[in-house]
Amino acid sequence: MTSTLLVTGASGHLGQRVIHHLLETLKVAPQRIIANTRKPETLKDLAAKGVTVRAADFEDAASLRSAFAGADRLLLISTDALDRPGRRLEQHQAAIAAAEQAGVAHVVYTSMPLPENSQLLIAPDHAGTEQALTNSVLQGWTVLRNHWYFENLFMSLPSALASGQWHSAAEQGRVAYIARDDLARAAATALASDATGKTTYTLSGAEAFTTEQIAQLVSQATNKPLQVVHVPLAGLIQGMVGVGLPEPLAAVFASFDTNTAAGRVADVTGDFQELTGVAPQRFATWLSANAAALTGQ
Ligand SMILES: NC(=O)c1ccc[n+]([C@@H]2O[C@H](COP(=O)([O-])OP(=O)(O)OC[C@H]3O[C@@H](n4cnc5c(N)ncnc54)[C@H](OP(=O)(O)O)[C@@H]3O)[C@@H](O)[C@H]2O)c1
């Protein structure tokens with residue numbers, strides 16, 4: 001393989017691990033990799049290894065054509081702009097248009113499970129981006145419908161463990177969590193492959209858990225009591241606003257639970273293993289490595 005591989009958002013948590021897997025797991029030569037980021041000064045170590053580091057910001061659409069120049073295959077990592085509905089979609093559309101203009105053959109995109117007709121308030125950005133790929137003149141694309149990271153549990157569990165109560169509107173919905181590092185490996189594999197055509201993978205972990213099941217496992221691993229308190233959606237939003245979150249953002253976070261309750265993130269698939277050839281990390285393994293950090297130790 002001689003194709004040039006470009007990773008956007010290369011300084012983010014996922015982006016850094018994608019580059020790691022390209023270099024270390026898949027043994028891609030650094031000279032074949034372009035790392036795009038808004039903060040090139042943070043990627044000096046990669047530049048020293050021979051990776052081409054270029055500034056790129058999806059908000060500055062005009063700059064993207066030169067930022068993407070020379071790339072054959074491009075990983076579009078979805079951005080974290082959640083402050084205005086639709087803003088991420090505009091950013092992703094600008095990136096796809098620039099990829100078309102720069103002559104990129106294949107785009108890999110980090111989406112979410114079942115983005116269409118979802119009650120999750122961030123879902124339209126993903127559904128819209130998938131649509132933009134379908135409508136594009138790109139030769140091919142790979143959509144990675146990434147399930148939720150184990151690491152997302154750091155957003156709710158430390159405070160829940162401190163109080164002993166985990167407020168949830170997810171009802172009996174299950175989540176097929178997966179390690180962020182596994183998703184990075186999958187993205188690196190899809191990017192570095194010579195697959196053409198148009199393919200969608202739904203990347204889940206090996207098991208799906210209810211909130212109660214997670215609470216029980218976390219309680220055992222941390223040796224701390226943790227009770228799930230089921231609340232209605234409005235109560236969950238109110239609770240988040242009460243601890244200082246702006247109401248629109250609280251509504252976005254709470255809609256994750258609505259989506260879970262509707263059974264939209266429960267499907268365990270074999271796609272991760274099919275794509276990478278290895279099994280996903282199990283929750284128990286991740287938990288034993290992270291239990292101390294979840295309790296703030
Ligand atoms: N599946 C899940 O559970 C889950 C959880 C959290 C987030 N996500 C999604 O997956 C993405 C990667 O996750 P992560 O853990 O790496 O999040 P993260 O560390 O917060 O990274 C945010 C990413 O967005 C990029 N970005 C932000 N604004 C941008 C812009 N204007 N132009 C280009 N890139 C921009 C950043 O790139 P630079 O800083 O390098 O420019 C970085 O790669 C997130 O952005 C989000 O869309 C998924």
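The values are calculated or read from the model by the stated rules, or taken from the named source; none is laboratory data. Small disclaimer: the values here were computed from a predicted structure and weren't measured. As a convention, Cβ positions derive from the backbone with ideal geometry for all residues, glycine included, and neighbour counts pool all protein chains shown.
Residues of the stretch 35-52 being farther than 20 Å from Asp80 by Cβ and surrounded by fewer than 22 Cβ atoms within 10 Å (Cβ to Cβ), which ones? The answer is Lys44, Asp45, Ala47, Ala48, Lys49, Gly50, Thr52.
Filtering the stretch 224-249 to residues that are aliphatic (A, V, I, L, M), outside any loop (DSSP other than H, G, I, E, B) and over 19 Å from Gly173 (Cβ atoms) leaves Val241, Leu249.
Annotation: of all residues in the stretch 20-65 being in contact with a helix residue (DSSP H, G or I) (Cβ under 9 Å, 6 or more places away or on another chain) and hydroxyl-bearing (Ser, Thr, Tyr), the one that is farthest from Ser193 (Cα to Cα) is Ser63.
Just one residue in the set Ala35, Ala71 is away from the ligand (no atom under 11 Å from the Cβ) and outside any helix (DSSP H, G or I); that residue is Ala71.
Taken over the stretch 141-159, the criterion of being outside any loop (DSSP other than H, G, I, E, B), in contact with a Ser or Thr (Cβ under 9 Å, 6 or more places away or on another chain) and either surrounded by 16 or more Cβ atoms within 10 Å (Cβ to Cβ) or of a type in the set (D, E, K, R) (or both) is satisfied by Trp141, Thr142, Val143, Leu144, Arg145, Asn146, Ser156, Leu157.
Could you grab the pairs with beta carbons closer than 8 Å, sequence gap of 6+ or different chains, first residue in the stretch 31-60 and closer than 17 Å to Leu76 by Cβ, second one of a type in the set (Phe, Trp, Tyr) and more than 8 Å from the ligand (Cβ to nearest atom)? Qualifying pairs under 8 Å: Asn36/Phe68; Ala56/Phe68.
Checking each residue in the stretch 91-119 for being farther than 25 Å from Ala261 by Cα and either modelled with pLDDT under 95 or near the ligand (Cβ under 10 Å from one of its atoms) (or both) picks out Gln91, His92, Ala94, Ala95.
Of all the residues in the stretch 46-68, those that are of a type outside the set (S, T, N, Q), within 11 Å of the ligand (Cβ to nearest atom) and not in a strand (DSSP E or B) number 8. Beta carbons closer than 7 Å, at least 6 apart along the sequence or on distinct chains, pair a first residue in the stretch 120-131 that is under 20 Å from Asp257 (Cβ atoms) with a second that is aromatic (Phe, Trp, Tyr) and assigned to a helix (DSSP H, G or I) for Leu120/Phe256.
Report yes if some residue within the stretch 78-87 is modelled with pLDDT under 95, among the basic types (Lys, Arg) and either part of a helix (DSSP H, G or I) or within 12 Å of the ligand (Cβ to nearest atom) (or both); otherwise report no. I'd like the intermediate steps shown before the answer.
At the first step, the residues of the stretch 78-87 found to be modelled with pLDDT under 95 are 80-87.
If we keep only those that are among the basic types (Lys, Arg) too, we end up with 84, 87.
Then drop every residue that is not either part of a helix (DSSP H, G or I) or within 12 Å of the ligand (Cβ to nearest atom) (or both), which leaves 87.
There is at least one residue in the stretch 78-87 that is modelled with pLDDT under 95, among the basic types (Lys, Arg) and either part of a helix (DSSP H, G or I) or within 12 Å of the ligand (Cβ to nearest atom) (or both).
If you go through the stretch 1-32 and keep only what is β-branched (Val, Ile, Thr), more than 8 Å from the ligand (Cβ to nearest atom) and buried (at least 22 other Cβ atoms within 10 Å of the Cβ), you end up with Val7, Val18, Ile19.
The C-beta contact set for the stretch 145-160 (first residue on the phi < 0 side of the Ramachandran plot and near the ligand (Cβ under 10 Å from one of its atoms), second residue of a type in the set (D, E, K, R) and outside any loop (DSSP other than H, G, I, E, B), distance under 8 angstrom, 6+ apart or interchain) comprises Tyr149/Arg180; Phe150/Arg180; Glu151/Arg180. Does Arg174 qualify as being touching a His at 6+ places or on another chain (Cβ under 8 Å), among the basic types (Lys, Arg) and over 22 Å from Asn223 (Cβ atoms)? The answer is no for Arg174.
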